[in-house]
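Input: a single structure, listed below in structure tokens.
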Amino acid sequence: MFGHQQNAPEGLRIIKTARGQVAINEAAEEGWFPLVKKVEPSPELRNKYICFQHLKRGQVELIHDFRDMPPADYQLLFYGEYYPNPQEHYIAAYLLPKNLKKGEGVWLEEVIGDIVATSWNQGNTYRLESAAAVWNGRDFDIEAPEEPTIFIG
Amino acid sequence: MVEGILPVKLDKSRHYFVLFLFFGRHRNQDFSFMQFNPQTKSLYTSEGKLLKKLHCPLRKEWEDLKVLPERQSRLCEACCNKVVDTAFYSEEALVVLLREKPETCLKIELGQENIQIL
């Protein structure tokens, strides 16, 4: 996804992710060792919305920022939640280079599990897309950041 | 103000219907809301045009920055750049600023009034 490599801190090796059996097996043929994981949705990850409809024209307006109100002449239909990260593949794998050392810090370009990166009370929860992690010899210990509410850049 | 009725389930057998009132900010009024996606850290105009994608390679926090006499910005002493607090800027002013200096660093806080969170 755009920008992930740019966000990797200097000095950290970037670990790629392969999704689905075909991509995983292709990576294995290229010499990577896939650390395979289930892809399972987390109940913590939820996007909220309110659905409004124009009284005469029938057009629908969705609001995700609950501070907002729809334009005039819209009536409220319902409130809902949905899982924001549906995946095509139910397995994925971090592609391990052969010389990965225990204790080495890395950058996971695409985090496989659902970790909440940011949430706020007027809207959605946001998933951690990339993260720093440490290889412990068997798996990655992901350094989940404190959920920021202030963004700088 | 918008009225609405939402079903609220308080126990297994009964639903209660709650009348609630929306008090909030209207879209499409005289002022426009910039839009921010916290997941991609992308800031857009009210029309959906990308203004800037926020990224700090030094991972600075707002509290790390030097407070200046002007409230609208703080100084990053690591890169000697001012970081502009977008809460004090209208969309029009920010568009002009970023057109003149695209490398300007921004601060965005969830919940600030002039931004709609995607």
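The values are calculated or read from the model by the stated rules, or taken from the named source; none is laboratory data. The structure displayed is predicted, hence computed values, not measured ones. Here Cβ is always computed from backbone atoms with ideal geometry, including for glycine, and neighbour counts include all displayed protein chains. Quick note on the areas: whole protein, heavy atoms, side chains included, nothing else; ligands and nucleic acids left out. Shrake-Rupley method; radii C 1.70, N 1.55, O 1.52, S 1.80 Å.
Taking all protein chains together and rolling a 1.4 Å probe, A:E30 ends up with roughly 140 Å² accessible. In this structure B:C105 has an accessible area near 30 Å², from a 1.4 Å probe over the protein heavy atoms. With a Förster radius of 51 Å applied to the C-beta separation of A:K98 and A:A72, the computed FRET efficiency comes to 0.20.
Could you work out the Kirkwood radius for the range B:35-118, taking every pair of different alpha carbons, averaging 1/r and inverting it, reported in Å? Walk me through the intermediate numbers first.
Details: mean 1/r = 0.0758 Å⁻¹.
Taking every pair of different Cα atoms in the range B:35-118, averaging 1/r and inverting gives 13.2 Å.
Rounded to the nearest 0.05, what FRET efficiency is calculated for A:I14 and A:I150 with R0 set to 22 Å and r the Cβ-Cβ distance? It comes out at approximately 0.25. In the range A:132-152, burial by the other protein chains removes 20 Å² or more of accessible area from A:T149, A:I150, A:F151, A:I152, compared with the chain on its own (1.4 Å probe, ligands and nucleic acids ignored). Residue-normalised convex hull volume from the C-alpha trace of the range A:6-49: 158 Å³ per residue.
Please give the FRET efficiency for A:D141 paired with A:Q87, using the beta carbon to beta carbon distance and R0 = 25 Å, rounded to the nearest 0.05. It would help to have the intermediate numbers written out before the result.
Values: r = 23 Å, r/R0 = 0.91.
That pair, A:D141 with A:Q87, gives E of 0.65.
Ordered by 1.4 Å accessible area with all protein chains kept, A:W120, A:W32 run largest first as A:W32, A:W120.
Taking 25 Å as the straight-line reach from the Cα of B:K60, the lysines in range (excluding those fewer than 8 positions away in the same chain) are B:K41, B:K52, B:K82, B:K101, B:K107. Placing one equal scatterer on every Cα of the range A:50-127 and applying the Debye formula, the log10 ratio I(q)/I(0) at q = 0.12, 0.13, 0.15, 0.21 Å⁻¹ is -0.59, -0.64, -0.74, -1.03. For chain A, lysine pairs separated by 8 or more sequence positions, or belonging to different chains, with Cα-Cα distances below 30 Å total 14.
Once both labels are positioned 7 Å from their Cα atoms along Cα-to-Cβ, the gap between B:C80 and B:L68 label points is 1.5 nm.
Within chain A, what whole-number % of the accessible surface is contributed by carbon and sulfur, with the 1.4 Å probe and all protein chains included in the calculation?
On the way: 4290 of 8520 Å².
Here it works out to 50 percent.
Considering chain A at the alpha-carbon level, its Rg and Dmax are found to be 19.7, 65 Å.
Averaged over the residues of peptide A:75-82, the number of Cβ atoms from other protein chains lying within 10 Å of each residue's Cβ is 2.
Take each residue in B:101-108, count the other chain C-beta atoms within 10 Å of its C-beta, and the mean is 2.
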